[in-house]
Amino acid sequence: MAISLKVNGAVRSVAAEPDTPLLYVLRNDFELNGAKFGCGLSQCGACTVLVDGKAVRSCVTPIGALEKSEITTLEGLGTAEKPHALQRAFIDEQAAQCGYCINGMIMSAKELLDNRPRATEDEVRQSLAGNLCRCGTHNRIIRAVLRAAQANGRT
Ligand code: FES
Ligand code: FES
């Protein structure tokens, strides 16, 4: 069946069953590859996107529940020419090693900073606690999010 989804401001249609995980549609049908398949079990956070402003794990989110929702992926934040403040901060801090977890880190941090623009280090650590990084770049990731929060404080 055809299901319509609003992704990064554009309505797109996909022929898929309602119980299809959002991650599969984003990557396989819409060619939005920012969100990653890590565990497929809501355990790692690599697949995180925003649904109506909330960070959700797209690997376990069926598309049938999303027809009235606004979905934002990493591609919806910024471009290579004009990166979002969080993307800029991750580059400036060289926060990625393999980069596999970074989508989830940025999207989870986006939810936090949208609600707490000048989040503290404790708040950043708490909001990213469920996102796993097997490369161990956590400290650089935390610094990047704090850098973005500090930039918010200057604007
Ligand atoms: S791939 Fe979705 S939480 Fe790991
Ligand atoms: S940078 Fe490799 S998993 Fe985080």
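The values are calculated or read from the model by the stated rules, or taken from the named source; none is laboratory data. Here the structure is a predicted model, which means the values were calculated and not measured. Quick reminder, even Gly has a Cβ in these numbers, built from the backbone with ideal geometry, and neighbours come from all protein chains shown. Areas reflect the complete protein model, heavy atoms only, side chains present, ligands, DNA and RNA absent. Shrake-Rupley method; radii C 1.70, N 1.55, O 1.52, S 1.80 Å.
So here's what we get for this one:
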| read-out | value |
| --- | --- |
| Gaussian network model of the chain, springs between alpha carbon atoms under 10 Å - residue of ALA16, ALA144, ALA46 with greatest fluctuation | ALA16 |
| Accessible area per residue in Å² at 1.4 Å probe, computed on the range 43-133 | 50 |
| Per-bin percent of Cα-Cα distances, the chain [10 Å] | 12, 42, 33, 12, 1 |
| Radius 10 Å from Cβ of GLY53, net charge of other residues (Lys, Arg +1; Asp, Glu -1) | -2 |
| Net dipole in debye of the range 68-155 [+1 Lys, Arg Cβ; -1 Asp, Glu Cβ; about Cα centre; nearest 20] | 120 |
| Cβ-placed point charges (K, R +1; D, E -1), dipole of the range 1-102 about Cα centre in debye, nearest 20 | 100 |
| Whole-percent pair-distance distribution, where bins are 5 Å wide, for the alpha carbons of the range 64-142 | 3, 14, 25, 24, 19, 9, 5, 1 |
| Solvent-accessible area, 1.4 Å probe, carbon plus sulfur percent, for the range 1-63 | 50 |
| Selected from GLN87, ALA55, SER69, residue furthest toward positive end of dipole (the range 1-91; charges at beta carbon) | GLN87 |
| Trypsin sites (Lys or Arg not before Pro) lying in DSSP loop within the range 1-79, provided at most 13 other Cβ fall within 10 Å | LYS68 |
| Angle between the chain longest axis and helix 138-154 axis [Cα atoms, degrees, rounded to 10] | 80 |
